[in-house]
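Quick note: the coordinates plus some simple rules give every number you see, no bench work behind them. It should be emphasised that the depicted structure is a prediction, and the values quoted were computed from it without experimental measurement. When we count neighbours, we look across all protein chains shown, and the Cβ atoms used for this are built from the backbone with ideal geometry, even at glycine.
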Amino acid sequence: MEDEARRRFLGVCLGGLGAAAAGGVLWPVYRYLTPRSGDEAGRTFSMAEQDLPEGAVKFFDFAGSAAVLVRKKGGELVALSAVCSHLGCIVQWDKARMSFVCPCHGGQFSTDGVVLAGPPPRALAKLPVSVAKGVITVG
């Protein structure tokens, strides 16, 4: 009788551990496969216009993805997705060349997101940007 109770107890313990392990594996898979909520897609990014001098860039998170804001020579503002159109790597800013470089396969993009060199099949996606009362708003 003692052995039977011990076996039942060990069975419940092992079953609980198995359920916890299964949950630990399935939860990330579920989060990966389910679409993000609509609230996240509608977010905007704002910053003071004075915080982005001419020739500077600012990387930020926009609706769950990497983005970048560029103040070109002459003061024009451009907002782009920072996700390379080739394999989805995050582009890096090359200040010496005043262009974006993908660290994965060497793709290069202009400050407007146009492909300059490498394997990317299309330009970086543009994001809407506006300035009002000294505040830059993307989105």
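Counting only aspartates and glutamates at least 8 places from Lys73 when in the same chain, those with an alpha carbon closer than 20 Å to its own are Glu49, Asp51, Glu54, Asp94, Asp112.
Out of every Cα pair in the chain, what percent are spaced more than 23 Å from each other? If you can, show how the numbers build up before the last one.
Numbers: 4953 of 9591 pairs.
So the portion of pairs separated by more than 23 Å is 52 percent.
The distance from the alpha carbon centre of region 104-139 to that of region 61-102 is 5 Å, rounded to a whole number.
Assign one of three labels to region 46-117, namely rounded, prolate or oblate, based on the Cα gyration tensor with a ≥ b ≥ c the square roots of its eigenvalues; rounded applies when a/c is under 1.5, prolate when it is not and a/b is larger than b/c, and oblate otherwise.
Working: a/c = 2.30, a/b = 1.34, b/c = 1.71.
Verdict is oblate for region 46-117.
For the chain, relative contact order (Cα pairs under 8 Å, six or more residues apart, normalised by length) works out to 18 percent.
Isolated cysteines of the chain, defined as having no other cysteine beta carbon under 4.7 Å away, are Cys13. In a fully extended conformation the segment linking Leu10 and Met47 would gain 7.5 nm over its present Cα-Cα distance, using 0.36 nm per residue. The simple spin-label model puts a point 7 Å past each Cα toward its Cβ; for Thr34 and Ala19 those points are separated by 1.9 nm.
FRET efficiency for the pair Ser65 and Ser130, taken as 1/(1 + (r/R0)^6) with r the Cβ-Cβ distance and R0 = 25 Å, rounds to 0.80.
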